[in-house]
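Enquirer: I'd like to ask you about the structure that follows.
The values are calculated or read from the model by the stated rules, or taken from the named source; none is laboratory data. Since we're looking at a predicted model, the values are computed, not measured. So basically every Cβ, Gly included, is an ideal-geometry build from the backbone, and we count neighbours across all protein chains shown. Quick note on the areas: whole protein, heavy atoms, side chains included, nothing else; ligands and nucleic acids left out. Shrake-Rupley method; radii C 1.70, N 1.55, O 1.52, S 1.80 Å.
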Amino acid sequence: MENFTDVIYNYWERFLEFAPLLALGLLILIISVFIAAWISASLNKYLGKRMDDPLLVRFISRMAKGILIVIGLFLALEIIGLGGIAAGLLASAGLSAFIIGFAFKDIAENFLAGIILSFDRPFHLNDTVCIVDYVGHVTSLDFRTTKIKTFDGKDVFIPNATILKEPLVNYTRDGLIRIEFITGIDYGDDIQRATDLIVNTLLSFDEVIKDDPPYAIVDELAASTVNLRIFFWTATNDYKKGVNLLRGHIIRTVKEALLDKGFGLPANIQELKIYKAEHPFPVKLYRENGMEQITEKPSQ
């Protein structure tokens with residue numbers, strides 16, 4: 001019993017000797033966390049005033065915060081007297097990096113991809129992009145993923161490595177985009193007159209770029225229509241709503257202008273063939289004074 005009491009007493013004395021260093025180490029670590037947060041916020045504010053790239057500013061400030069916290073942790077270990085552990089961690093960093101990198105290859109790959117995207121990036125905050133069939137606004141760039149908000153309200157988190165490997169379409173990078181649509185006119189209509197009317201209609205819109213004017217070409221000789229493909233340029237400040245609404249408004253206006261000038265917009269003609277008919281085929285004829293049903297017999 002006396003030996004057990006002596007052991008407890010010895011441990012207590014050692015704890016009392018170690019407690020001030022432990023408290024100082026914890027205090028240093030806590031102070032380091034607060035200093036890192038303050039420096040991160042200050043850096044974010046400072047760079048935010050001098051850079052037009054919020055994603056890069058946020059990424060740099062968060063990385064600086066993480067580095068300062070790690071430095072504070074190693075300093076706390078040194079003060080507590082666990083400098084050997086800190087040195088061992090640094091000495092084995094190469095082996096640890098290899099093991100961790102192998103075990104968490106995807107995480108390391110996405111982290112490095114996030115650093116690359118932060119400094120050499122194909123998009124900015126609120127750009128409208130298409131990544132792996134997802135179309136939406138870029139809302140954030142983190143260490144592992146890039147978040148986009150799709151037009152139907154979904155939050156999609158795409159791994160940064162995927163963005164580097166897959167093709168990416170940016171609809172708003174240079175602020176301009178070319179829109180196109182197709183309309184069909186009757187074979188008996190004057191094609192040149194129709195294209196002139198369509199181009200003049202598009203030029204009446206302020207949103208349509210005049211420096212690179214719209215134009216229309218014959219796209220296809222379809223079964224019942226001559227299809228015209230129309231091209232025009234517009235700004236992409238608001239691709240989600242502005243561009244789509246403008247396209248719909250222009251299509252509606254072009255349709256009304258063509259009809260107003262007497263152009264025909266026929267529907268597709270469908271041909272129905274009946275092979276080896278063995279029974280009469282009923283045909284309904286619509287007249288002004290009513291509907292009459294006539295039964296046609298198939299030809300022999």
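Enquirer: Calculate, in whole percent, how much of the Cα-Cα pair population of the range 115-265 lies beyond 18 Å. Walk me through the intermediate numbers first.
Expert: On the way: 7119 of 11325 pairs.
When every Cα pair of the range 115-265 is considered, 63 percent fall beyond 18 Å.
Enquirer: Let me ask you something else. Roughly how far apart, in whole Å, are the Cα centres of the range 122-151 and the range 254-277?
Expert: Their Cα centres are 42 Å away from one another.
Enquirer: Once you treat every alpha carbon in the range 171-242 as an equal point and sum by Debye, what is log10 I(q)/I(0) at q = 0.13, 0.25 Å⁻¹?
Expert: -0.43, -1.07
Enquirer: Going by amide H atoms built from the backbone, whose H comes under 5 Å of the H on Leu176, apart from near neighbours?
Expert: Thr236
Enquirer: Any idea how far apart Ser204 and Met63 come out in nm if each label point goes 7 Å out from Cα toward Cβ?
Expert: With each label placed 7 Å out from Cα toward Cβ, I get 5.4 nm.
Enquirer: Let me ask something additional. What percentage of the solvent-accessible surface of the range 188-243, computed with a 1.4 Å probe over protein heavy atoms, is contributed by carbon and sulfur atoms?
Expert: Carbon and sulfur: 48 percent of the exposed surface of the range 188-243.
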